[in-house]
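Novice: Pasting in a structure now, in structure tokens, and then I'll have a few things to ask.
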Amino acid sequence: FTDSMRAGRPVEVLDRHQLQPAFSSLHLRAGEPEVEVFSVPSYACQRRTSLENHNAPLTDALSLLAENAELNDEEGRGVAFRRAAALLKTLPSAVMSASQLRGLPCLGEHSLRVRPLTSSRSQLVLTGIFGVGAKTADRWIREGIHDLHQLRASGQVLNRAQRAGLQHYADINQPVTRAEADAIEAIVEKAVSSVLRGAQIVLTGGFRRGKPSGHDVDFLITHPEEGREEGLMPKVKTTRNSYLESKDGPGRPPSNMDRFERCLSIFKLPGAAETPQRAWRAVRVDLVVSPISQFAFALLGWTGSKVSFRPDLRCYRSSDGSPVRQSLMFDFCAASEEEIFAHLGLEFVPPSERNA
Ligand code: DCT
Ligand code: MG
């Protein structure tokens, strides 16, 4: 594992059980000759993380572990692996020896004490269905449903989102390109301004951070006059625009991001199908509406990254002694992202460097 890492080769994880010795070896190599010891600020919002990742073999393995932990409902472990991955992504060069990681935050027991996990291919397949979370997938697996074929044959009652998810499974699990995102932006812009003139639309999420592709396309919508944006989403949905097929997504735990009107939808993108028989492909689109007074916060939040940058901003904010509250990000006014960073005493980090 570490040899591949040194050679810059990707690490293929053939069996999850192999991960245990792989990660223990980070410990075993601690006695090697000194090389540069990395130093990284504690909070991701104080770091710059571009898309250039010098430690992809390690971060890929940690992301896989995080995914597994999440599928097993082990939130704490999931977060720990994601934070460890986020930290390694920010390093200016490849890790050559464990001694370089001495004293770094986030690389705690969780990431170094790895045990075999039991999540299966079936879980990955089933949770790949829009509207299906870990609990539902587990229930189906217990009932003997392991793949899409078995699910279709089972006669399980699916909700509307899940039916759409099953129907568009292949499309939805195929990455969305930047060109597709731009095409969708033009269509969304037209649909939104037809119901609310003067509305402003911004592409957020991974694409705003400069990613060349993503699992969905995220938009933030506002209007320069406070309050005019209210009730916009139902209006957009009822335009019966043939492209915007809204399917409300899975229930999400409440968070301070949920104060905004939001619509998780499946979008029919014309002219993007792989096969000539089909005139369109399905793409996940996440629409969020914010009043102009909170636009800067919403933009910062929905630009992400979700894993590390945004949550760490919250932690950093509360580290000065102010209590952690749901409204943490909203107890001061700011007209731009720059103002938010300045208010928090942080150096501005542009979106392209929030890729932890
Ligand atoms: N977000 C959030 N809370 C949620 C969901 C999302 O704060 N419950 C924010 C953080 C990132 C942003 O929205 C976009 O989310 P994703 O689309 O999941 O992430 P992404 O970085 O755009 O990744 P991808 O490129 O795969 O879509
Ligand atoms: Mg996204």
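Novice: Only one of Gly210, Gly198 is modelled with pLDDT of 95 or more, within 14 Å of ligand 2 (Cβ to nearest atom), assigned to a loop (DSSP other than H, G, I, E, B) and surrounded by fewer than 19 Cβ atoms within 10 Å (Cβ to Cβ); which?
Specialist: Details: Gly198 fails: within 14 Å of ligand 2 (Cβ to nearest atom).
Within the list Gly210, Gly198, the selection yields Gly210.
Novice: Still on this structure, please answer the following. Just wondering, is there one or more residues in region 294-314 that are more than 23 Å from Leu196 (Cβ to Cβ), of a type in the set (A, V, I, L, M, F, W, C) and away from ligand 1 (no atom under 15 Å from the Cβ)?
Specialist: No, because not a single residue in region 294-314 is more than 23 Å from Leu196 (Cβ to Cβ), of a type in the set (A, V, I, L, M, F, W, C) and away from ligand 1 (no atom under 15 Å from the Cβ).
Novice: What number of residues in region 318-345 are modelled with pLDDT of 70 or more and part of a helix (DSSP H, G or I)? Let's see the steps before the verdict.
Specialist: Filtering region 318-345 for residues modelled with pLDDT of 70 or more gives 331-345.
From what's left, part of a helix (DSSP H, G or I): 337-343.
Selection size over region 318-345: 7.
Novice: Another question about this same structure. Scan region 55-110 for residues that are among the hydroxyl-bearing types (Ser, Thr, Tyr), assigned to a helix (DSSP H, G or I) and surrounded by fewer than 20 Cβ atoms within 10 Å (Cβ to Cβ) and report the count. Break it down into steps so the answer makes sense when it comes.
Specialist: Applying the first criterion (among the hydroxyl-bearing types (Ser, Thr, Tyr)) to region 55-110 yields 59, 63, 90, 93, 97, 99.
Checking which are assigned to a helix (DSSP H, G or I) leaves us with 59, 63, 99.
Then drop every residue that is not surrounded by fewer than 20 Cβ atoms within 10 Å (Cβ to Cβ), which leaves 63, 99.
Of the residues in region 55-110, 2 are among the hydroxyl-bearing types (Ser, Thr, Tyr), assigned to a helix (DSSP H, G or I) and surrounded by fewer than 20 Cβ atoms within 10 Å (Cβ to Cβ).
Novice: Take the conditions free of Cβ contacts under 8 Å to residues at least 60 places away in the same chain, basic (Lys, Arg) and within 21 Å of Arg310 (Cα to Cα) and apply them to Arg77. Does it pass?
Specialist: Yes, satisfied.
Novice: Look at region 121-147 and say how many of its residues are of a type outside the set (D, E, K, R), modelled with pLDDT under 90 and over 16 Å from Ile172 (Cα atoms).
Specialist: 3
Novice: Suppose we filter region 221-231 for residues that are within 16 Å of ligand 1 (Cβ to nearest atom) and either of a type in the set (Gly, Ala, Ser) or over 16 Å from Phe267 (Cβ atoms) (or both); how many remain?
Specialist: First, pick out the residues of region 221-231 that are within 16 Å of ligand 1 (Cβ to nearest atom): 221-222.
Imposing the further condition that a residue be either of a type in the set (Gly, Ala, Ser) or over 16 Å from Phe267 (Cβ atoms) (or both) reduces the set to 222.
Total meeting the criteria: 1.
Novice: Of (1) of a type in the set (A, V, I, L, M); (2) modelled with pLDDT of 90 or more; (3) within 16 Å of ligand 1 (Cβ to nearest atom); (4) under 22 Å from Ile172 (Cα atoms), Ile266 satisfies all except one. Which?
Specialist: That leaves (2) as the condition not met.
Novice: I'd like the full set of residues that are touching a Phe, Trp or Tyr at 6+ places or on another chain (Cβ under 7 Å) and within 16 Å of ligand 2 (Cβ to nearest atom), limited to region 220-231. Full working, then the answer.
Specialist: Pass one, region 220-231, residues touching a Phe, Trp or Tyr at 6+ places or on another chain (Cβ under 7 Å): 220, 222.
Scanning region 220-231 gives a single hit, Leu220.
Novice: Just to be sure before I move on: is Val217 within 16 Å of ligand 2 (Cβ to nearest atom) and either closer than 26 Å to Pro270 by Cβ or modelled with pLDDT of 95 or more (or both) in the structure I sent?
Specialist: yes
Novice: Of all residues in region 181-204 being more than 24 Å from Gly227 (Cα to Cα) and in contact with a strand residue (DSSP E or B) (Cβ under 6 Å, 6 or more places away or on another chain), which is farthest from ligand 1 (Cβ to nearest atom)?
Specialist: Ile184
The values are calculated or read from the model by the stated rules, or taken from the named source; none is laboratory data. Computed from a prediction, not measured in an experiment: that's the story for all the values here. Heads up, the Cβs are rebuilt from the backbone with ideal geometry, glycines too, and the neighbour counts pull from every protein chain shown.
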